[in-house]
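Colleague: The following block contains the structure, expressed as C-alpha cells.
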Amino acid sequence: MYTLNIDTQAFIKQHWQQKPRLMQQAFVDFEDPIAADELAGLACEEEISSRVVVTKGEDWDVIQGPFEDYDQFGEDNWQLLVQAVNHWYPASQPLVEAFRFLPDWRFDDLMVSFATPGGGVGPHIDNYDVFIIQGEGERRWKVGDKGQHKRRGNNPNSPLVEDFEAIIDVVLKKGDVLYIPPGYPHCGETVTLAMSYSIGFRAPSQQELLSEIADSLIDTNQGHKRFTSKEEPSSPGLISQAHQQGIMDLLVQLAQDPQAYQIMLGKLLSQNRFELDICEGEEPLSSDDLIDAIEQGAIIQRIGGLKVLRLEQDNHARLFINGEVYPLPDVKEDVLQLLANQVSILPEQASELIEQPTLLAVFTQLINQGLFYLADDE
C-alpha cells in the first residue's frame, strides 16, 4: 500500500545519519492513513500522548492533551501532534512498514500532526533521525547545517534554537518526504491545512546504557570484579593515568562480554517509550482454543508498535519482546527470524509453528498478555 520510491540501500550509504535529504514524490499517489477528525479523536484519550502547539509571534505555547474540543484554538496558528499513532490506529501500520528497511530496534514511533495555516513548533534540533511525510495540504520546511547553534533563552537543555541559515528551504506537497538526521536544526510552518507524519528512529544514549547495565548487573548479581594493579604511584594523593585507565577498563571488559550485556540490550531495545494498546481478552485463551482458532483461519497478529527482537550470535534460543525475555529452547534460528520479522503470522504458517509445544505455549502466553491477538484472515 505504501512503497517508498527510492533506492533504500543507496540512501543508507549516502544519507542515513550523515546529511538531510529531500525526496519529492517518494510516495506516489499518497493517501492519508488517518483523517483529521480521527486524529482529534485519538487526542481525546487519556492514555495517548498528545499536545497542541500554539504559535504566538516568535514564541510557542505547548498545551498537553487530552483535548475535548479545539474551538479555543481558532482557525490558524496552531498544530495538534499525537505520538505513537501506530500503537492505537492499525490502519497506520502499512506506512510504518515502508520504513522497515531500517531495524525495528531503532524505530521509535509514528507521530501524526494536523496543522492550521501558520502552525508550527519553532526552529529546533532533535537527537534522533526523522522522516517527515507530507499528507494533505502543504507545509514549508527549512533545514540548517550542523554547527554551534544558539539555544533559545540560552538554555542548553532546550531543543529550540535561534534562527539559522537554511540549506534546504522547500514547500512539501502530498507524497514528499524530508529526512533529517540528528543535530540538524529545522523548522516547519504550515501553508494550508495539513496532515503530516513523522517516522522517528532513535538509539540509546551513554547515560541510558550505563543506567541499564548497572541495573542488569545488580539484578543478575554480576559485575563484582575489582581493579588490581602491580605498580602504585609515588605520590599518595595522585591517581595515576595507568590506574585511571585500568579502572575504566573494567567497563570495557563488560562491553566485550556478551554474557554481561546481551540480556540488558535485548530488554532495553525491545521497550517502547509510549504506552502500547494492550488487548487482553476477557477470558484466558487455552492452547486448545488457539489451535481451534487457527484451524478456522485466524491470523496471529502483533499489537501496534510491539517490538519482537533477536540477537545475532545469541548463545540462547530466545526473543526479546516489550522489555522481557522469552526463552524458546530447541526453536531453530530460521523460526526465530520469522517471528522477529513478521508482524502477522498467517494460518498456514501458524499451523506448522504450533506443532512445536514450546511455540504453542508462547503464542498462547503472548495472546493472553495482550501483546498478540487473533485477527480474521481477510
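Colleague: What Kirkwood Rh does the chain have if only Cα atoms enter the pairwise 1/r average? Answer in Å.
Modeller: 23.5
Colleague: Now for a separate question. Can you give me the % of accessible surface on segment 239-378 that is carbon or sulfur? Probe 1.4 Å, all protein chains present, nothing else counted.
Modeller: In segment 239-378, the share of accessible area belonging to carbon and sulfur is 48 percent.
Colleague: Taking the Cα atoms of segment 246-315, what is the range of coordinates along each of the three principal axes, in descending order and whole Å?
Modeller: Reported extents, whole Å, longest axis first: 61, 29, 18.
Colleague: Taking θ = phi - 60°, what integer Hz values does the Karplus form 6.51 cos²θ - 1.76 cosθ + 1.60 yield along segment 83-97, in sequence order, with x for Gly and Pro?
Modeller: Taking θ as phi minus 60°, the curve returns 7, 6, 4, 5, 6, 10, 10, x, 5, 8, 4, x, 5, 4, 4 Hz for segment 83-97.
Colleague: A further question on this structure: On the protein heavy atoms, probe 1.4 angstrom, tell me the percent of accessible surface of segment 102-150 carried by carbon and sulfur. If you can, show how the numbers build up before the last one.
Modeller: Details: 790 of 1700 Å².
Accessible surface attributable to carbon and sulfur in segment 102-150 totals 46 percent.
Colleague: Between segment 232-304 and segment 65-108, how many Å separate their Cα centres?
Modeller: Value for the Cα centre distance between the two parts: 26 Å.
Colleague: Probe 1.4 Å, all protein chains in place: accessible area of GLU352 in Å², nearest 10?
Modeller: 130
Colleague: With every protein chain kept in place and ligands, DNA and RNA left out, what is the accessible area per residue of the chain? Probe 1.4 Å, answer in Å².
Modeller: Heavy-atom accessible area per residue stands at 54 Å².
Colleague: Can you give the three extents of the C-alpha atoms in segment 227-371 along their principal axes, from longest to shortest, in whole Å?
Modeller: 79, 31, 22
Colleague: How charged is the neighbourhood of VAL161? Take every other residue with its Cβ under 13 Å from the Cβ of VAL161, and add Lys/Arg as +1 and Asp/Glu as -1.
Modeller: My count for the surroundings of VAL161 gives -1.
Colleague: List every residue whose amide H lies under 5 Å from the amide H of GLY144, counting only residues 5 or more places away in sequence or on a different chain, with H placed 1.01 Å from N in the peptide plane.
Modeller: Residues meeting the amide H criterion: ILE167, HIS186.
Colleague: Still on this structure, I have one more. Considering every Cα-Cα pair within segment 149-246, what fraction, in whole percent, is farther apart than 22 Å?
Modeller: The calculated P(r) of segment 149-246 puts 65 percent of pairs beyond 22 Å.
Colleague: May I ask you to rank VAL335, VAL28 by accessible area, largest first, using a 1.4 Å probe over the protein chains only?
Modeller: Listed by decreasing accessible area, they come as VAL28, VAL335.
Colleague: What list of ³J(HN,Hα) couplings, whole Hz, do you get for segment 219-227 from phi and the Karplus terms 6.51, -1.76, 1.60, once you set θ to phi - 60° and write x for glycine and proline?
Modeller: Values per residue, Gly and Pro as x: 4, 9, 6, 10, x, 8, 5, 10, 6 Hz.
Colleague: Defining a contact as two alpha carbons under 8 Å apart and six or more residues distant in sequence, what relative contact order in percent does segment 170-297 show?
Modeller: Normalised by residue count, the contact order of segment 170-297 is 20 percent.
Colleague: Against the empirical 2.2 N^0.38 Å scaling, what ratio does the C-alpha Rg of segment 54-154 come to?
Modeller: Normalised Rg, Cα atoms only: 1.23.
Colleague: Further, regarding this structure: Can you give the accessible area of MET195 in Å² (nearest 10), computed on protein heavy atoms with a 1.4 Å probe?
Modeller: The accessible area comes out at roughly 10 Å².
Colleague: Extending each Cα 7 Å along its Cβ direction at GLU312 and ASP37, get the distance between those two points in nm, one decimal.
Modeller: 4.9
Colleague: Then there is this: Got a sec? Charge dipole of segment 156-257, +1 on Cβ for Lys and Arg, -1 for Asp and Glu; which of SER205, VAL171, LEU254 is way out at the positive end?
Modeller: Most positive-ward Cα: LEU254.
Colleague: Tell me, what is the 1.4 Å probe accessible area of VAL62, in Å² to the nearest 10?
Modeller: 90
Colleague: Given the options ASP126, ASP249, ASP169, state which has the largest fluctuation in a GNM of the chain using a 10 Å cut-off (strictly under) for Cα springs.
Modeller: So, out of ASP126, ASP249, ASP169, the one fluctuating most is ASP249.
Colleague: Just from the alpha-carbon atoms, what are the Rg and Dmax of segment 1-125 in angstroms?
Modeller: Just the Cα atoms of segment 1-125 yield Rg and Dmax of 16.3, 47 Å.
Colleague: For segment 103-120, in order, what is each residue's ³J(HN,Hα) by Karplus, 6.51 cos²θ - 1.76 cosθ + 1.60 with θ = phi - 60°, in whole Hz (x at glycine and Pro)?
Modeller: Once rounded to whole Hz, the list reads x, 4, 5, 7, 5, 9, 6, 9, 9, 10, 10, 10, 10, 8, x, x, x, x.
Colleague: Most mobile of ASP108, ASP314, ASP59 per a Gaussian network model of the chain (Cα springs, under 10 Å)?
Modeller: Comparing ASP108, ASP314, ASP59 in a Gaussian network model of the chain, the most mobile one is ASP59.
Colleague: For the full complex of protein chains and a 1.4 angstrom probe, list ARG310, ARG51 by accessible area with the highest value first.
Modeller: Descending order: ARG310, ARG51.
The values are calculated or read from the model by the stated rules, or taken from the named source; none is laboratory data. Computed from a prediction, not measured in an experiment: that's the story for all the values here. Glycine gets a Cβ as well: all are built from the backbone with ideal geometry, and neighbour counts include every protein chain shown. Ligands, DNA and RNA are excluded from the accessible area calculation, which covers all protein heavy atoms including side chains. Shrake-Rupley method; radii C 1.70, N 1.55, O 1.52, S 1.80 Å.
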